[in-house]
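A.B. asks: Mind looking over this structure? Questions follow.
The values are calculated or read from the model by the stated rules, or taken from the named source; none is laboratory data. Because the structure is a prediction, the values reported are computed rather than measured. Positions of Cβ are backbone-derived with ideal geometry, glycine not excepted, and every protein chain shown enters the neighbour counts. With ligands, DNA and RNA removed, areas are computed over all heavy atoms of the protein, side chains included. Shrake-Rupley method; radii C 1.70, N 1.55, O 1.52, S 1.80 Å.
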2 protein chains.
Amino acid sequence: VKASLLAIGDEIVGGITVDTNTPWLADRLRSVGVEPVGAFSAVDEEMAIVRAFTRALEDAEVAVSTGGLGPTADDLTTAAVARLAGQPLVLHEPSLRAIERRFATAGLEMTANNRKQAMFPAGAAPLPNAEGTAPGFVCPVQTPRGARHVIVLPGVPREMRAMADATVLPWLVERGGGRRFASRTFSTFGLTESRLDELLSGLVAPSEARLSFRAAFPRMQTRLTLEGGPGDDLDGRLDVLEQRLRERIGHYLYARGDEGLEETAGRMLRERGLTLAVAESCTGGLIGHRLTEVPGSSAFFKLGLVTYSNDAKRDLLGVDPGTLRRHGAVSTETAEEMAEGGRRAAAADLGVATTGIAGPTGGTDEKPVGTVCVALAWEGGRWSRRYDLGARGRSYVKEMTAMLALDRVRRWISGLPEVERS
Amino acid sequence: VKASLLAIGDEIVGGITVDTNTPWLADRLRSVGVEPVGAFSAVDEEMAIVRAFTRALEDAEVAVSTGGLGPTADDLTTAAVARLAGQPLVLHEPSLRAIERRFATAGLEMTANNRKQAMFPAGAAPLPNAEGTAPGFVCPVQTPRGARHVIVLPGVPREMRAMADATVLPWLVERGGGRRFASRTFSTFGLTESRLDELLSGLVAPSEARLSFRAAFPRMQTRLTLEGGPGDDLDGRLDVLEQRLRERIGHYLYARGDEGLEETAGRMLRERGLTLAVAESCTGGLIGHRLTEVPGSSAFFKLGLVTYSNDAKRDLLGVDPGTLRRHGAVSTETAEEMAEGGRRAAAADLGVATTGIAGPTGGTDEKPVGTVCVALAWEGGRWSRRYDLGARGRSYVKEMTAMLALDRVRRWISGLPEVERS
């Protein structure tokens with residue numbers, strides 16, 4: 001099955017809003033074996049939408065649209081599809097009652113224009129929207145090239161995604177003759193795309209599964225997708241492949257799924273009842289920010305200290321002025337004392353520290369911009385390492401340093417080796 | 001002039017990469033009075049690209065494409081445009097020499113396939129690429145609807161943006177008969193879009209300028225765009241309108257242009273030689289992270305303390321245990337003592353502090369999720385305020401609290417009143 005995608009709305013065409021629905025849907029469609037062949041956009045004008053659908057159906061059996069389902073006069077997707085299908089709009093009572101219930105629950109008065117959201121082209125099958133007022137629908141359309149289908153979804157990403165997963169993907173799988181697809185994503189840190197590709201080369205035969213890659217800086221993700229008939233044990237087959245994959249990329253793989261390193265590290269700390277203190281220089285608070293994005297982080301995140309100046313490193317973290325004088329603020333020696341000082345100040349199990357030169361200025365021949373040191377301290381031990389990340393901009397250096405620190409926490413807890421990268 | 005946009009590449013169609021080029025170009029085109037009427041995408045196949053250009057030129061006089069200009073076999077945009085225009089590909093010597101120079105400067109060997117990047121359809125005008133190897137080009141195309149133009153740009157955003165601003169926009173302005181456009185963007189904080197719209201209602205007559213809005217959460221931007229003939233003083237006219245706009249939205253406007261509040265606050269601190277300490281609880285390091293994204297922040301950012309626990313608030317910031325007991329950690333009283341404690345610990349001119357309940361749990365009837373307090377301390381004075389931001393998720397609460405704190409710093413420095421919002 002081939003599919004075209006269509007994003008509807010003046011704000012999309014005008015560049016006011018970046019359309020994230022189309023790439024999300026394209027990725028999701030591929031995961032069930034549907035091939036996205038192109039994307040279109042249309043302003044909020046009925047004939048522009050009809051034209052875009054007509055083109056979309058020239059290339060594909062199915063066109064999936066997002067947007068233009070709101071209650072106001074400039075939401076014209078439904079009217080355009082009715083025109084395209086040559087069908088009148090008819091009221092769908094169950095959808096109307098669902099919208100009424102939604103307003104009643106929220107204690108709001110339903111206005112007359114919301115009634116429009118329960119009107120569909122005759123012959124269309126409504127798709128319920130659990131998260132908002134606008135149902136979507138699937139509508140058959142006859143074209144000069146044969147029978148086609150249009151799938152219409154709202155533009156609000158949260159609503160659209162829930163509906164796509166609940167109704168559209170199963171519908172497409174069923175149209176594919178009951179063939180089912182299953183996929184599993186793995187998140188890695190410390191490997192480039194080409195290195196990951198190399199390590200996984202030949203892992204799966206084309207008949208077994210499809211292996212794809214996705215750069216989600218500073219992480220790298222890989223995904224296994226496989227298909228089977230109604231009775232197949234797809235999960236079991238994925239388990240086997242995952243086992244093989246883990247043997248190849250072992251400790252680089254930090255999570256099954258799409259989670260961030262801070263979530264993995266935070267979960268591991270919580271599960272083991274460990275607490276953490278963070279002493280940041282060049283990362284400026286980014287590690288604390290990331291860790292506190294995790295709900296429940298107060299269970300493990302004890303303290304963060306952002307010590308840009310030598311005075312603060314000395315006064316608040318107890319870094320030895322002699323260490324600063326002999327080795328400089330950007331050194332593994334200073335980083336270790338920062339980590340231990342933070343740990344002690346917070347009475348935490350672990351202390352992690354960063355110090356470096358984020359740039360654009362401040363580099364020297366010996367310590368160019370992008371030189372960073374990461375350290376970890378625990379009861380009875382210390383670890384540190386210097387990295388050369390290059391002059392790739394403050395944000396890059398900060399981001400990569402924060403990830404190296406979080407990965408070190410993860411590796412220490414799991415007893416994994418130090419990652420080999422520079 | 002109407003324009004269609006076209007994004008080329010398997011990674012775009014497949015949803016691997018989110019296409020930010022198209023919305024950026026659409027916004028830029030509108031700023032010079034060109035109307036974007038739709039967007040298309042195509043996989044890396046010559047006929048798919050030809051088809052997309054054909055459709056793009058049905059709706060518009062100009063089609064602007066990004067992507068598919070690399071040296072490898074799957075980069076097919078130039079070949080597709082040559083086919084569309086019915087022209088052979090010819091070598092452009094100056095472009096070839098520019099590519100050779102680029103390789104020589106980098107000390108790299110130029111491979112044979114880079115020669116392809118100096119080939120253009122006969123009759124096309126190359127567009128130099130100052131940032132990369134792939135030049136773009138403008139190519140006239142005859143269609144059943146008349147003479148059209150195709151503008152081809154590389155897909156790397158940095159290269160594409162520089163070329164669009166240097167060559168494409170001036171070319172479009174010239175085609176518009178020498179009509180020139182000028183625009184000015186203003187960034188505000190503390191106003192909703194509808195409130196901003198209301199405050200600016202009637203500010204400019206349609207004949208004077210166009211006023212547009214853009215939500216860039218948590219900021220709100222507004223832009224004035226006007227046009228004129230060759231001799232007009234567009235800057236002078238913008239100055240007059242800016243003056244009027246400032247009278248209406250006064251202290252909500254924190255910057256001309258697109259800068260973040262941390263840049264504005266950081267610049268003001270640096271200009272006045274003031275230093276800042278940040279004591280963060282619910283924002284978890286986000287304020288420090290933001291401020292240290294600003295190059296040169298070490299001049300004003302003295303210290304950050306992320307004190308999640310009461311112990312840390314007491315031990316490191318000197319918050320009175322009696323204050324914590326009587327008013328709780330989330331209170332204006334605690335926030336003020338945190339701000340003053342941070343200021344004192346760092347011997348800084350200003351101390352800013354946040355404390356609140358980011359959620360999803362931890363709320364009470366009296367202090368529901370989303371309750372946050374922001375405080376500022378300076379030599380001889382203190383300020384604080386409680387806000388109810390609602391249970392909109394950790395990220396939202398952290399982001400909004402950080403902005404409220406940075407805006408308070410900005411307002412204090414400028415002697416502006418407290419912003420009225422809850």
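A.B. asks: Among the listed residues B:217, B:213, identify the single one that is facing chain A (nearest Cβ under 9 Å) and surrounded by fewer than 23 Cβ atoms within 10 Å (Cβ to Cβ).
C.D. replies: Sole residue among the options that is facing chain A (nearest Cβ under 9 Å) and surrounded by fewer than 23 Cβ atoms within 10 Å (Cβ to Cβ): B:213.
A.B. asks: Under the condition of being part of a loop (DSSP other than H, G, I, E, B) and surrounded by fewer than 21 Cβ atoms within 10 Å (Cβ to Cβ), which residue from segment A:67-101 is farthest from the other protein chains (Cβ to nearest Cβ)?
C.D. replies: At the first step, the residues of segment A:67-101 found to be part of a loop (DSSP other than H, G, I, E, B) are A:67-76, A:86-88, A:92.
Cutting the leftovers down to surrounded by fewer than 21 Cβ atoms within 10 Å (Cβ to Cβ) gives us A:71-74, A:86-88, A:92.
Working: A:71: 17, A:72: 14, A:73: 18, A:74: 16, A:86: 22, A:87: 25, A:88: 27, A:92: 30 Å.
The selected residue is A:92.
A.B. asks: Return only the number of the condition from (1) within 14 Å of chain A (Cβ to nearest Cβ); (2) under 19 Å from residue B:220 (Cα atoms); (3) open to solvent by less than 40 Å² (accessible area, probe 1.4 Å) that residue B:263 does not satisfy.
C.D. replies: With (1) within 14 Å of chain A (Cβ to nearest Cβ); (2) under 19 Å from residue B:220 (Cα atoms); (3) open to solvent by less than 40 Å² (accessible area, probe 1.4 Å) applied to residue B:263, the lone miss is (3).
A.B. asks: Sticking with this structure for a sec: With the checklist (1) more than 7 Å from every other protein chain (Cβ to nearest Cβ); (2) open to solvent by 20 Å² or more (accessible area, probe 1.4 Å); (3) polar (S, T, N, Q) in hand, flag the one item residue B:21 doesn't pass.
C.D. replies: (2)
A.B. asks: Then there is this: Out of B:318, B:328, B:296, report the one residue that is on the phi > 0 side of the Ramachandran plot, at the interface with another protein chain (Cβ under 8 Å from one of its Cβ atoms) and small (Gly, Ala, Ser).
C.D. replies: B:296
A.B. asks: OK, next. For the list (1) free of Cβ contacts under 8 Å to residues at least 40 places away in the same chain; (2) open to solvent by less than 50 Å² (accessible area, probe 1.4 Å); (3) not β-branched (Val, Ile, Thr), I need the number of the one condition that residue B:378 fails.
C.D. replies: So the condition that residue B:378 fails would be (2).
A.B. asks: Related question: In segment B:15-46, which residues are part of a loop (DSSP other than H, G, I, E, B), on the phi < 0 side of the Ramachandran plot and touching a residue at least 12 places away in the same chain (Cβ under 8 Å)?
C.D. replies: Result: B:19, B:20, B:32, B:34, B:43, B:44, B:45.
A.B. asks: Separate question: Considering only residues that are among the acidic types (Asp, Glu) and either open to solvent by 10 Å² or more (accessible area, probe 1.4 Å) or modelled with pLDDT under 95 (or both), which ones fall in segment A:396-410?
C.D. replies: Going residue by residue through segment A:396-410, those that are among the acidic types (Asp, Glu) are A:399, A:407.
Selection gives A:399 alone.
A.B. asks: Between a first residue in segment A:53-64 that is over 15 Å from residue A:175 (Cβ atoms) and a second residue that is part of a helix (DSSP H, G or I), which pairs have beta carbons less than 6 Å apart while being 6 or more apart in sequence or on different chains?
C.D. replies: Here the result reads A:53/A:84; A:55/B:55, each pair linking segment A:53-64 to a residue that is part of a helix (DSSP H, G or I).
A.B. asks: Another question, then. List every residue pair whose Cβ atoms sit under 6 Å apart, with the two residues 6 or more apart in sequence or on different chains, where the first one lies in segment A:139-153 and is farther than 12 Å from residue A:4 by Cβ and the second, anywhere, is hydroxyl-bearing (Ser, Thr, Tyr) and surrounded by 13 or more Cβ atoms within 10 Å (Cβ to Cβ).
C.D. replies: Cβ pairs passing all conditions: A:152/A:65; A:152/A:77; A:153/A:66.
A.B. asks: Pick from segment A:1-13 the residues that are in contact (Cβ under 8 Å) with a residue 12 or more places away in the chain and not β-branched (Val, Ile, Thr): which of them is surrounded by the fewest Cβ atoms within 10 Å (Cβ to Cβ)? Let's see the steps before the verdict.
C.D. replies: The first filter runs over segment A:1-13 and keeps only residues in contact (Cβ under 8 Å) with a residue 12 or more places away in the chain, leaving A:1-10, A:12-13.
Still in the running and not β-branched (Val, Ile, Thr): A:2-7, A:9-10.
Details: A:2: 13, A:3: 25, A:4: 26, A:5: 29, A:6: 28, A:7: 26, A:9: 23, A:10: 17.
Taking the candidates together, the pick is A:2.
A.B. asks: Another question, if that's okay. Does any residue of segment A:58-66 turn out to be open to solvent by 60 Å² or more (accessible area, probe 1.4 Å) and either at the interface with chain B (Cβ under 8 Å from one of its Cβ atoms) or under 18 Å from residue A:160 (Cβ atoms) (or both)?
C.D. replies: No - not one qualifying residue is present in segment A:58-66.
A.B. asks: Additional query: I'm trying to understand the selection: among the residues of segment A:285-344, which are aromatic (Phe, Trp, Tyr) and open to solvent by 10 Å² or more (accessible area, probe 1.4 Å)?
C.D. replies: Within segment A:285-344, just A:308 meets the criteria.
A.B. asks: Could you grab me the full set of residues in segment B:274-293 that are more than 7 Å from chain A (Cβ to nearest Cβ) and either part of a loop (DSSP other than H, G, I, E, B) or more than 20 Å from residue B:349 (Cα to Cα) (or both)?
C.D. replies: B:274, B:275, B:281, B:282, B:283
A.B. asks: May I pose another question? Can you list residue pairs whose Cβ atoms sit under 7 Å apart, with the first residue in segment B:388-409 being more than 13 Å from every other protein chain (Cβ to nearest Cβ) and the second being small (Gly, Ala, Ser) and open to solvent by 10 Å² or more (accessible area, probe 1.4 Å)? Count only pairs 6 or more apart in sequence or on different chains.
C.D. replies: Partner pairs satisfying both residue conditions: B:388/B:422; B:407/B:190.
A.B. asks: Can you tell me which residue in segment A:197-213 is farthest from residue A:28 (Cα to Cα), limited to those that are outside any loop (DSSP other than H, G, I, E, B) and out of contact with any helix residue (DSSP H, G or I) (no Cβ under 7 Å at 6 or more places or on another chain)?
C.D. replies: A:198
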